[in-house]
1. When the helices in the chain are scored as -39500 (n - 2.57) per DSSP H run of 4 or longer and the sum is shared across all residues, what 222 nm value do you end up with, to the nearest 500 deg cm²/dmol?
2. As an exercise, take the mean of 1/r over every pair of distinct alpha carbons in segment 409-480, invert it, and state the Kirkwood radius in angstroms.
3. Going from the alpha-carbon gyration tensor of segment 357-478, what semi-axes, largest first and in whole Å, does one get by taking the root of 5 times each eigenvalue?
4. Non-local amide H neighbours of residue 424 (under 5 Å, H modeled in plane, Pro and chain starts lacking H): which ones?
5. Output the relative contact order of the chain, whole-number percent, from Cα pairs under 8 angstrom with separation of 6+ residues.
6. How large is the Kirkwood hydrodynamic radius of segment 233-281, in angstrom, based on all distinct alpha carbon pairs?
7. How high is the relative contact order of segment 110-183? Use alpha-carbon pairs under 8 Å, at least six apart in sequence, and give a whole percent.
8. With an 8 Å Cα cut-off and a minimum separation of 6 or more residues, compute the relative contact order for segment 164-296 in percent.
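The values are calculated or read from the model by the stated rules, or taken from the named source; none is laboratory data. Bear in mind the structure is a predicted one, so any value in this text is a computation, not a measurement. Glycine gets a Cβ as well: all are built from the backbone with ideal geometry, and neighbour counts include every protein chain shown. The accessibility values were calculated without ligands, DNA or RNA, using every heavy atom of the protein model including side chains. Shrake-Rupley method; radii C 1.70, N 1.55, O 1.52, S 1.80 Å.
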Amino acid sequence: MMRFFQRLGKSLMLPVACLPIGGLLMGIGYWIDPSGWGANNLLALLLIKSGGILIDNMAILFALGVAIGMSKDQEGTSALAAIISWLTVQTMLGAGVVQLILGADATVPAAFTKINNQFIGILCGLIAAGCYNRFYKANMPDFLGFFAGRRFVPIMTVVTTLIVCIPLYFVWPVVYSFLVGVGETILGLGPVGAGIYGFLNRLLIPVGLHHALNSVFWFDVANISDINRFWGILEGGVLGQTGQYQAGFFPVMMFGLPGAALAMYHTAKTNKKKVAAGILMSAALCSFFTGVTEPLEFSFMFLAPALYVVHAILTGISVGIVAALPVRAGFQFSAGFVDWFLSFKAPFALNPILLIPIGVAFFVIYYVVFRALITAFNFKTPGREDDDNSAEMNIELGSSDYAAMAKAILEGVGGAANVTNVDNCITRLRLEVKDRLLVDEKKIKAAGAAGVVRPGKTSVQVIIGPKVQFVADEFKKLVH
């Protein structure tokens, strides 16, 4: 199971790497025109809309990334299947179709207006990858031969997704409504309730259900409307109270998560620090400046889920502490520097400058806690994957006949029938086999491999060096 989540996390790295630039573009545009969101300034409009191409379609990017990363040979058909699965869910569980199912006089549950989320994107990606891995070699009768093999994958993806939509139709609104009820229940708990809300807000992001709680505290489901009242858009705000469900997110998003990013960078392997820095530091800047945290959170959410739970707990503590203090700030976009600075002018702002020392404290806490846990439990955060070392990067193959080498390695692992999965990292061919007893390490090394590692009962890693991609491509041809 842990291997599955680590592979899922690795699959998300490509779309996650695209997100920080989108968040920064939106943040700069919002900074230029915070009241009109581009309506009052052409440059702001262009920046907000161009950044929104990525941020607003994050779920689709996740569907594509997961489908490609989790498929056996990262072939493009899996990406096509992911889009098909995504469109199927968005159509069949969209408000329009649900309205037709319930009838014109019925009220569509709010859950179906929030079906466009990262969880659904990941789910569609997994469906697509599963269908590809199962059906890409499917045989058909001669008269249906056109639909054999990879062409059969999209067909089965639609069928599978439609089946998955049936339980989702019943389960999604129930869970969503339950969480709304939980939010309404903790409203009267003051700062403690705010802390519980902060914890659940982060914890539910992977499944997209944080919107249910947000509707209670930030908007008008329970007549709280913390955001609109803080900015004076609605009447009824109370100085020292309004904004308590927003202010505590600033120390986490502006300081805490960047501290976590620094800890992950410092604990990355030496030869991977540059790669890790590219992902982590750009995501940390995005979190600090704009409050868009998904690029950073999804970079370790599945690679080290225990760390994500710690992050949710620390968020709850921050929101609870700030709610108990005479400190209030709010946002219209997210809890980043832009909104913090703009909130000084809000009618119910209260000592927002104090969020800076609080944030510095949370930077230190996040850094110390994340670094301690990563090193103590060897969490596979970005840059710490078990796939290569600096010595392996210097390996040179004795031959450039990659096809012959792949064929010899395949014989050494027991033939194509014994191989269930093929993947590769920077220097290693990573295989899953049915019968470990059929693996002959002497044959594999005789093929030109530098070594063989067996991290699990059915896992085999063949050390080849930086040219492993060429061998892996030939190996996949033989297996698939």
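1. Dividing the helical sum by the residues of the chain leaves -18500 deg cm²/dmol.
2. Details: mean 1/r = 0.0856 Å⁻¹.
After inverting the mean inverse Cα-Cα distance, the result is 11.7 Å.
3. Numbers: eigenvalues 264, 52, 26 Å².
Ellipsoid semi-axes (Å, largest first): 36, 16, 11.
4. Result for residue 424 returns 430.
5. 14 percent
6. 13.4 Å
7. 35 percent
8. Once divided by the residue count of segment 164-296, the mean separation gives 16 percent.
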